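Worksheet for the structure shown next.
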């Protein structure tokens, strides 16, 4: 799948309150703007972006971000 689809819709990427808490905990972040943090990771030229099923996966800097491909909601993020 063409990662340009995700990149061209980067302004639609968002998350929920629960998503913010989950991502902060999983990535051990003390950052208030989690969405901006994730967008910066996604836009990193070294980010490996691929689509599997209904989700986009973005892997960079030992972090894997999962985004719903229909709503552009950041579901979760993990260190791997």
Could you grab me the full set of residues in segment 37-53 that are surrounded by 11 or more Cβ atoms within 10 Å (Cβ to Cβ) and either assigned to a strand (DSSP E or B) or free of Cβ contacts under 8 Å to residues at least 24 places away in the same chain (or both)? 37, 40, 44, 47, 48, 49, 50, 51
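For residue 13, are the conditions met, namely being surrounded by 11 or more Cβ atoms within 10 Å (Cβ to Cβ) and touching a helix residue (DSSP H, G or I) at 6+ places or on another chain (Cβ under 7 Å)? Quick ask: steps written out before the conclusion?
Details: surrounded by 11 or more Cβ atoms within 10 Å (Cβ to Cβ): yes; touching a helix residue (DSSP H, G or I) at 6+ places or on another chain (Cβ under 7 Å): yes.
Yes; evaluated as a whole, the condition is true for this residue.
Which one is nearest to the chain's Cα centre (by Cα) among residues in segment 25-36 that are surrounded by fewer than 18 Cβ atoms within 10 Å (Cβ to Cβ) and over 14 Å from residue 79 (Cα atoms)? Outline the logic, then answer.
Pass one, segment 25-36, residues surrounded by fewer than 18 Cβ atoms within 10 Å (Cβ to Cβ): 25-26, 28-33, 35-36.
With the extra rule that they be over 14 Å from residue 79 (Cα atoms), the set shrinks to 30-33, 35-36.
Details: 30: 17, 31: 15, 32: 15, 33: 13, 35: 8, 36: 10 Å.
Going through the qualifying residues, I end up with 35.
Might you let me know whether segment 16-24 holds any residue that is on the phi > 0 side of the Ramachandran plot and either surrounded by 10 or more Cβ atoms within 10 Å (Cβ to Cβ) or out of contact with any helix residue (DSSP H, G or I) (no Cβ under 8 Å at 6 or more places or on another chain) (or both)? Talk me through it step by step, then tell me what you get.
Start the filter on segment 16-24 by keeping residues that are on the phi > 0 side of the Ramachandran plot, which leaves none.
Within segment 16-24 (the criterion being on the phi > 0 side of the Ramachandran plot and either surrounded by 10 or more Cβ atoms within 10 Å (Cβ to Cβ) or out of contact with any helix residue (DSSP H, G or I) (no Cβ under 8 Å at 6 or more places or on another chain) (or both)), the answer is no, since none of the residues qualifies.
Regarding residue 2, is this residue in a loop (DSSP other than H, G, I, E, B), touching a helix residue (DSSP H, G or I) at 6+ places or on another chain (Cβ under 7 Å), modelled with pLDDT under 95 and surrounded by fewer than 16 Cβ atoms within 10 Å (Cβ to Cβ)? Lay out the reasoning, then the answer.
Values: in a loop (DSSP other than H, G, I, E, B): yes; touching a helix residue (DSSP H, G or I) at 6+ places or on another chain (Cβ under 7 Å): no; modelled with pLDDT under 95: yes; surrounded by fewer than 16 Cβ atoms within 10 Å (Cβ to Cβ): yes.
Criteria not met by residue 2.
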Single residue of segment 54-73 satisfying the filter (more than 20 Å from residue 25 (Cβ to Cβ) and touching a residue at least 60 places away in the same chain (Cβ under 8 Å)) that is nearest to the chain's Cα centre (by Cα): 72
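The values are calculated or read from the model by the stated rules, or taken from the named source; none is laboratory data. What you are looking at is a predicted structure, and each value in this text was computed from that prediction instead of being measured. Note that each Cβ is placed from the backbone with ideal geometry, even for glycine, and that neighbours are counted across all protein chains shown.
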